[in-house]
Structures are given as C-alpha cells and as structure tokens.
Amino acid sequence: MSQSEYLEVFIDESEEHLQAINDNLLKLENEPDNMDIVSEIFRSAHTLKGMGATMGFEDLANLTHNMENVLDLIRNGELEVTPEVMDIIFDAVDDIEEMVTDIASGGDGSRDIQEITKQLESLQGIETEDAGEEVAATATAAPTTETSDEIEETFDEYELTVLSQSEEQGYKAFKILVTLDEKTMLKGVRVFMVFETLEEAGEIIKSTPSAEDLENEKFELSFVVTLLTHESKTDIQKRIEKISEIASVKIEEVNVKQEKQKKLALEEKEHQEAQQKEEKGTKGKKEKKPSQQSSSPKEKSSSNKKQKGMELNKTIRVNIDRLDVLMNLFEELVIDRGRLEQISSELNNNELQETVERMSRITGDLQEIILNMRMMPVEQVFNRFPRMVRSLSRELNKKVKLEIIGADTELDRTIIDEIGDPLVHLIRNSLDHGIETPDERVAKGKPEEGIVKLRAFHSGNHVFIEIEDDGAGIDKEKIMNKALENGVVTDEDLEKMTDQQIYSLLFASGFSTAEKVTDVSGRGVGLDVVRTTFESLGGVVTVDSELGKGSLFSIQLPLTLSIIDVMLVEVAQEKYAIPLTAIVETAIVEKKDVYNAHNQKVIDFRGKVVPLVFLDEIFDAPLKNEEQDFYSLVIVHKGEKVAGLVVDSLIGQHDIVLKSLGNYLTNVFAISGATILGDGQVALIVDTNELIK
Amino acid sequence: MASVLVVDDAAFMRMMLKEILEKNGLKVVGEATTGDEAVRLYKELNPDLVTMDITMPEKNGIEALKEIIAADPDAKVLMCSAMGQQAMVLDAIQAGAKDFIVKPFQEDRVMDSIRKVLR
C-alpha cells in the first residue's frame with residue numbers, strides 16, 4: 001500500500017473527526033455541563049493526535065495534544081466552559097483544519113502554532129519556565145549513567161540489616177542496573193513492568209530513584225533495583241530482557257560487607273546530598289502539579305467507561321472514482337438494454353421477450369441502487385454552517401440562530417461537492433445584509449436574535465434548498481436604483497419587471513446593494529457566480545422577499561446529474577435532446593406570426609416577445625427538411641429569459657444517460673454531452689443556457 | 001505464521017499496523033473496531049496475538065482486554081496507546097496485557113515488542 005493511500009484515509013478520517021469535534025463543541029456550548037460531549041471531543045482529538053503523529057505531522061500532533069489536555073481539565077471539572085475557553089478551542093480546531101487542508105493539498109501540514117499553543121497552555125495554567133526547572137530537578141534526581149564498572153548504590157542501616165539477614169537465609173542479593181531505550185515512551189509503565197517481572201522472581205528491597213519517582217518518570221533512562229532472590233543471575237537477566245524497550249541490563253551480586261564499609265565512608269557526604277536532593281525533589285513536585293492534574297489518570301479511565309459513543313454504522317469506504325466507473329458501466333448496460341428491447345420487439349420471440357423484460361426490471365432496480373449509492377445526505381455540506389454562522393455573527397456583532405431542517409435529504413455526490421461554496425455565499429449574505437444588528441431589531445419590535453433557516457427537502461425529481469432569514473428583507477427601490485446606476489437594466493426594462501424579476505437582479509454581475517463593503521460579503525462579485533454555479537448543475541435560483549420581514553432564497557437542484565429527463569427533437573434528420581428542466585413548454589406557430597425585430601426573428605408569445613433560435617443554423621445541420629408553413633418550437637428559459645428553439649419535429653420525452661463528449665471534443669458550443677438511444681443512434685444534448693444570452 | 005487480531009476504531013491505524021505486521025510475516029486474521037467486536041472476534045478466531053487500542057467508543061480497550069483475559073488467561077494482548085495514557089496503560093498491564101506500544105508506531109519498535117510477546 002502506498003503512502004498516498006494512507007494519506008487519503010488519513011485525510012478522510014481527520015475530516016470526519018474534525019467535523020465531530022466541531023459539532024460536539026457547538027453542542028457543548030449549549031450544554032456546558034454535559035461531560036459525555038467532552039469525552040466525545042476528547043476521543044476525536046485523541047485519535048487525531050495519534051494519526052497525526054503517525055504520519056509525522058508534528059504540529060498537528062502537538063496542537064491536538066495540547067487541546068486534549070485542556071479538554072481533560074474540563075472533564076475533570078477543573079476548568080469551566082466559558083465563551084473565552086470555547087473561543088480558544090475553536091481557534092485551535094481552525095488551526096487543525098488548516099493543517100489538514102494543507103496536507104490534503106499536498107503540503108506538509110506545518111503551521112505556526114506558537115500563539116495558539118500559548119493560549120491553550122495558559123488555560124492549563126502552565127507557564128513555560130516551569131518545564132525547564134522540572135527537567136533540571138529530574139536530572140539531578142536520577143543516577144548518572146555509570147562510567148565505572150560497578151553499579152553505584154548505597155544502602156542505609158535498615159537495608160543493610162535486611163541484606164545480611166536474607167543472606168543468612170540463602171537469598172542472593174542483586175543490584176540490577178536497567179537502562180531503558182532512549183526512545184522509550186511512557187517510561188513509568190516500562191518501569192512498572194520491570195518491577196512486576198522482578199517481583200515474580202523475588203523481592204525488591206530498594207530502588208534508586210525511589211519507586212514513586214520512577215513511576216512519575218522523574219528519571220532519565222536508567223535506574224537501579226536491589227532484588228533478593230533464589231534465582232540465578234542469568235535467569236534474572238533473561239526475564240528482564242523479555243520486556244521491550246530495555247536497552248541494557250547489568251546485574252551484580254551485592255557484597256554485604258563491602259556495602260557496610262562503603263556506607264561508613266560515604267555517610268557524611270551522603271547526608272548532605274540527601275538534603276539537597278530532598279529540597280529539589282519537593283520543589284519539583286510542587287511545580288509539576290498543574291500538568292500532572294491535567295493528565296490525572298484514574299479519573300480518565302473512569303470517565304472513559306462512561307463513554308457511550310454514537311452508534312457505529314457498518315460501512316465500507318469506496319473511492320468515488322470506482323463508483324463513477326460502476327455508473328459508467330451501468331450506463332453502457334442501459335444503452336444495450338435499449339437495443340435489446342428494440343431487437344426483441346422486432347423478432348417477436350416470446351422467450352426472448354420474457355428474458356429481456358426480466359432484464360429490464362433488474363436493471364431498473366440496479367439503477368436505483370447505484371444512484372442511491374452515490375447519494376449523500378446534504379448534512380455533509382450543512383454541517384459546516386453552524387460553525388460559520390457562530391463566528392460570523394460574533395464578527396458582525398449580531399445575534400443569529402441557525403436552524404437546519406432536512407439535513408438528511410439526499411443528493412448526488414457530484415452535486416454535493418459543488419454546492420458548498422455558493423451556499424456559504426448565500427448564508428453569509430443573509431447574515432451580513434439580511435439580519436439586522438440587535439439594536440435595530442429591538443427598535444423594529446423583533447426579537448434580538450435573528451433566525452436563519454436552512455431547509456432542504458425533496459419534491460418530485462428535485463431537491464430544494466432554501467435559505468430564509470427574518471431580517472430586513474430586500475429593498476426593491478434600492479435595487480432598481482442601483483441596477484440603473486450600474487447600467488444593468490434600463491428604465492423601460494424596469495417598468496415591465498415583476499417583483500421577483502427585480503430581486504433576481506441581485507444575481508446580475510456587477511451588482512451590490514450593500515452600502516458598506518464588509519469583509520464578509522458585498523464586493524459585488526459573487527452572487528452572479530452563485531447563480532452560475534447552480535445553473536451549471538441544472539439548478540434554478542429564485543428570490544422572494546418582504547421588506548422588513550425577511551427574504552427567502554430558494555434553489556432547485558436535480559437529484560442526479562447522469563441520468564436526466566429530456567425532450568427528444570429532430571433537427572434536419574439529426575436527433576437532439578433538450579433537458580426538461582430548461583423547457584417551459586412546446587408550441588407550434590405559423591410562419592406568418594413571426595416578426596423581425598433588430599435583425600432577430602421573434603414571436604409574440606403569450607404577450608411576451610420571444611426571440612427564435614434556429615437550431616439547424618446553430619448546429620450547421622447539412623440536410624434541410626422540406627419547408628413547412630409552421631415552426632415547431634421548444635420554449636426554453638434561463639432564469640427569467642426565454643427563447644424559442646426552432647426544430648423540425650418533437651419526438652417525445654425520454655430518460656437518457658448523459659455521456660460527456662470526452663477529451664477530444666471540448667468546448668463545443670451549446671452541446672453539453674451526448675447519449676445513445678435505444679436504436680443505437682447518437683443524440684446530442686443541447687445546452688440551452690448557452691443559447692440564451 | 002502467527003495470527004493477529006487488530007483492534008482500533010480508526011481505519012487509518014488499522015491499515016498502518018496491518019502493513020507493518022504483514023510485511024514482517026504475520027497474518028492479520030481479523031480487524032475489530034470496538035471492544036465488543038474484539039471480544040467476539042477473539043473467541044471466534046482465537047488469534048495468537050491481539051493488538052488493542054485503548055481509546056475506543058462504547059467499550060474501551062481495557063474492558064475488552066479484561067474480558068479476553070477472563071475467557072483465556074493465556075491470551076497475548078498488546079496494548080496500543082498514545083502519549084499521556086500512562087495510567088491506562090498501567091491498568092492494562094495490571095489486567096494482564098503482555099506489552100504496549102505507543103503511537104506513532106515505529107516498525108522496529110512494534111516488531112520488537114511482538115517478537116518478545118510471542119516468544
């Protein structure tokens with residue numbers, strides 16, 4: 001498995017965990033006393049840390065580690081959940097998100113985390129100086145790695161008595177110098193394992209540094225243990241070597257007489273040393289307290305037991321490319337099915353017909369399953385908005401509540417991927433231009449807190465996404481003036497326009513109604529981009545508003561992109577498909593009803609002037625059909641604009657599979673793709689948006 | 001060839017570990033994502049070795065370890081922990097885990113530990 005595949009999983013899982021953290025943090029803000037939520041966040045941060053460290057993203061690992069410490073304090077009730085604390089944690093999450101994004105786009109995920117680290121540490125009550133002294137204290141407490149051959153160890157009166165007594169009872173006493181691997185992590189546990197192993201073999205009467213210091217990792221790499229045992233030196237050696245991360249073991253038998261002499265000689269000196277050691281030891285302990293509490297172990301395990309995480313769904317991860325391939329293969333199958341159906345009806349063989357019918361049913365079911373597999377809940381996109389609204393409303397000094405309705409509504413993955421940014425724009429817009437400041441709202445007799453509703457729901461073959469706010473609404477006059485000023489429309493145009501059409505001017509390029517340009521929105525670019533993005537997905541954007549009450553932006557999107565409903569038409573003996581979403585209606589007009597206006601053929605259709613577009617001219621169709629007295633028209637729209645496409649004949653409505661034209665034919669004017677019909681003919685799919693200017 | 005059951009809730013970690021194990025001639029016979037699953041799979045597969053993550057949703061690694069040891073006192077369980085889980089690792093060792101490895105995993109470190117546990 002290659003590094004890049006790891007990376008993919010790493011990024012996927014990191015994003016999942018970040019999302020979980022974000023969601024849970026927002027929950028925590030509402031229920032600051034719910035420790036289950038803190039545990040959930042802690043778990044996500046912990047997993048992130050582990051993954052980050054494994055991939056060698058140190059900044060990521062360090063930052064999550066620090067965040068974890070703060071969360072632990074909260075969990076243990078030592079830190080209160082205040083907005084300030086939440087802000088810092090949110091900032092940290094932002095930083096982590098940046099790193100993951102950087103990694104996803106090929107970077108090394110490094111980032112300047114000094115500032116945020118300092119903030120997190122200040123929450124933990126750690127000051128950097130402490131760490132330094134602590135290390136110094138530890139260093140002196142630990143025995144220095146031996147230079148002489150003999151293991152240095154001194155025994156006090158009591159210990160010497162024990163030693164000589166056990167010697168009499170036939171025990172051997174060993175001084176054991178254990179040196180840990182320098183890469184050892186969790187040294188305390190390692191020491192514990194050594195102790196445990198040795199206690200199986202005999203009795204430990206002494207260790208230097210003390211067992212307590214060892215457990216608290218107040219030593220460098222080596223320590224000395226004195227053991228009373230019946231076992232041989234080599235047996236003991238073997239036992240210890242079984243433990244991992246042990247660099248070396250040195251065992252020496254204790255000579256009790258020698259030790260007694262040594263003691264006398266050293267007594268005076270040792271006395272002084274012991275005093276010093278004690279002083280430093282207590283000092284170190286005091287300073288270490290805050291950080292020790294932060295990883296206070298016992299409580300961690302007990303609250304961990306309480307964890308009742310979310311239910312796990314059994315899923316497998318499949319690369320979206322594979323699903324695309326599956327979809328493609330299936331589409332081929334649908335085309336062949338069409339062929340088969342036609343052949344079987346021509347041959348009129350009963351058995352063949354039955355089989356083909358069966359196959360049709362099965363492929364129908366298959367189609368549903370494959371399409372469903374590509375469907376994802378819009379939650380994917382929606383769940384980043386609560387965070388955004390939170391920070392944005394703080395930035396703007398507004399009070400806004402975001403309500404999300406129908407987050408489980410499903411949409412094709414391809415569409416999900418595209419709608420994120422434009423939705424961000426629309427929501428920002430609602431917050432910036434829609435919702436008023438608390439003062440204004442109170443003055444208007446509205447509740448201080450504004451409400452933005454984000455709603456998604458199914459309707460027929462479409463999914464609707466709506467963004468509704470109870471803000472100021474859109475000022476029609478302002479739009480009209482601005483539109484005139486910017487030359488987007490003329491006076492004449494305006495007179496004929498409905499309210500809806502006027503609101504739609506918001507989406508025209510080069511238009512902005514905000515008097516003040518803020519960081520958030522109002523640079524006059526964007527809303528037209530929003531509209532274009534949705535339209536390229538086969539979507540339609542509409543706006544409705546009531547001044548003073550609020551506005552509603554509604555986006556209609558197709559359920560899926562690859563299989564679409566079309567109207568098949570014939571133009572000069574070639575077949576074309578026109579997406580049903582673009583069609584207003586079909587009509588037949590007599591030639592005498594066609595007028596010329598500004599060098600353009602138009603008709604008067606239901607009181608409106610509709611320009612005609614001759615498809616045979618546009619597509620340079622070689623074969624002309626006989627002239628008829630009337631035109632067959634397909635009236636299509638793009639936003640509010642309409643046009644009549646002139647075709648030779650209308651064939652009917654079909655479900656077709658959209659195929660791209662491939663890499664050889666890019667940028668073909670007004671053709672968005674092709675499809676293969678049941679009889680094997682190819683029909684080009686008309687991109688009506690390009691035909692309407 | 002020794003058989004291993006890999007337990008971790010993060011697919012990433014399982015993948016990482018699996019690669020290290022398989023590269024060194026061990027056979028990963030099962031993967032579990034929760035403590036409950038680990039206990040169930042242990043009984044079903046009876047692997048020579050279990051690598052057990054500590055932090056997992058629902059049932060954590062230590063509880064799963066205890067259940068496995070209760071069912072099979074000779075079970076060889078290797079705990080996987082991250083920095084800062086000292087106490088939990090201690091708990092695990094006391095509960096009968098044979099050794100522990102610390103994330104981020106280093107291949108030589110992991111294999112050293114596994115060889116010692118399997119010996």
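Each reported figure results from applying straightforward, stated rules to the coordinates on display, with no laboratory input. Fair warning: this is a prediction, and the values are worked out from it, not measured in the lab. Backbone-built Cβ (ideal geometry, glycine too); neighbour counts: all protein chains shown.
Some observations on this one:
- Highest average packing first - A:84-96, B:6-18, Cβ atoms within 10 Å: B:6-18, A:84-96
- Taking other C-beta atoms within 10 Å as the exposure proxy, A:V178, B:V89 rank A:V178, B:V89 from fewest upward.
- Remark: relative contact order (segment A:377-558) = 23 percent; criterion is Cα-Cα distance under 8 angstrom and separation of 6 or more residues.
- Backbone N within segment A:588-630 under 11 Å of label point (7 Å from A:A670 Cα along the Cβ vector): A:612-621
- Highest average first, the peptides A:356-364, A:647-655 ordered by how many other beta carbon atoms sit within 10 Å of their residues are A:647-655, A:356-364.
- Gyration tensor (alpha-carbon) shape descriptor, segment A:3-139, a/c threshold 1.5: oblate
- Residues A:I320, B:I20 arranged by fewest to most Cβ contacts within 10 Å: A:I320, B:I20
- Summary of packing: across the peptides A:31-40, B:58-67, the per-residue average of other C-beta atoms within 10 Å ranks them, highest first, as B:58-67, A:31-40.
- Whether segment B:3-118 is rounded, prolate or oblate, judged on the alpha carbon gyration tensor where a/c under 1.5 counts as rounded: rounded
- More than 16 Å apart - percent of Cα-Cα pairs taken over segment A:352-409: 64 percent
- Span-like helix check, chain B: no full DSSP H segment qualifies, none having both a Cα axial length of 27 Å or more and a mean Kyte-Doolittle of 1.6 or more.
- The aspartates and glutamates whose alpha-carbon is closer than 15 Å to the alpha-carbon of A:K242, local same-chain residues fewer than 8 away aside, are A:D181, A:E196, A:E199, A:E200, B:D99, B:D112.
- Average partner coverage of A:188-194, which counts Cβ from other chains inside 10 Å: 5
- Ordering B:C80, A:L559, A:A621 by the projection of their Cα atoms onto the charge dipole of the protein assembly as shown, which places +1 on the Cβ of Lys and Arg and -1 on the Cβ of Asp and Glu, puts B:C80 at the extreme positive end.
- Cα gyration tensor shape of segment A:377-558, rounded if a/c is under 1.5, else prolate or oblate by comparing a/b with b/c: oblate
- Cut-off under 5 Å, modelled amide H: who pairs with B:C80 long-range: B:M52, B:D53, B:I54, B:I101
- Length-normalised contact order for segment A:563-692 - Cα pairs under 8 Å, 6+ apart - percent: 31 percent
- Across A:K27/A:K401; A:K250/B:K23; A:K187/B:K76; A:K172/A:K250; A:K118/A:K401, pairs whose alpha-carbon gap is larger than 25 Å: A:K250/B:K23; A:K118/A:K401
- Length-normalised contact order of segment A:3-139 in % [C-alpha pairs under 8 Å, at least 6 apart]: 25 percent
- Sorted fewest first by neighbouring Cβ atoms within 10 angstrom, A:R75, A:R317, A:R337 come out as A:R317, A:R337, A:R75.
- Lysine pairs within segment A:563-692, Cα separation less than 22 Å, 8 or more sequence positions apart or different chains: 13
- Estimated dipole of the protein assembly as shown in Debye, rounded to 20 [Cβ of Lys and Arg +1, of Asp and Glu -1, Cα centre]: 640 debye
- FRET efficiency estimate (nearest 0.05) - Cβ-Cβ, A:Q681 to A:N348, R0 25 angstrom: 0.65
- Label-point separation in nm, A:S164 to A:D499, each point 7 Å along Cα→Cβ: 10.7 nm
- Whole-Hz Karplus values for segment A:396-412 come out as 8, 6, 10, 9, 9, 10, 9, 10, 10, 10, x, 5, 8, 4, 9, 9, 4 Hz, taken residue by residue from phi with 6.51 cos²θ - 1.76 cosθ + 1.60 and θ = phi - 60°; glycine and proline positions read x.
- The mean number of partner chain beta-carbon atoms within 10 angstrom of a residue's beta-carbon across peptide A:174-185 is 2.
- Under the convention that each Lys and Arg Cβ holds +1 and each Asp and Glu Cβ holds -1, the size of the dipole of chain B around its Cα centre is about 340 debye.
- Residue mean of other protein chain beta carbons inside 10 Å, B:14-23: 2
- Positive-end residue, the protein assembly as shown charge dipole about Cα centroid, Cβ charges, pick of B:A11, A:F57, A:S391: B:A11
- Helix-derived mean residue ellipticity, 222 nm - over chain B, DSSP H n ≥ 4, -39500 (n - 2.57), to 500: -14500 deg cm²/dmol
- Across segment A:25-41, computed HN-Hα scalar couplings (Karplus, 6.51 cos²θ - 1.76 cosθ + 1.60, θ = phi - 60°) run 4, 5, 4, 4, 4, 7, 10, x, 9, 7, 6, 4, 5, 4, 4, 4, 4 Hz from first to last residue, x flagging Gly and Pro.
- Label-point separation, A:N596 to A:D620 (7 Å along Cα→Cβ), nm: 2.6 nm
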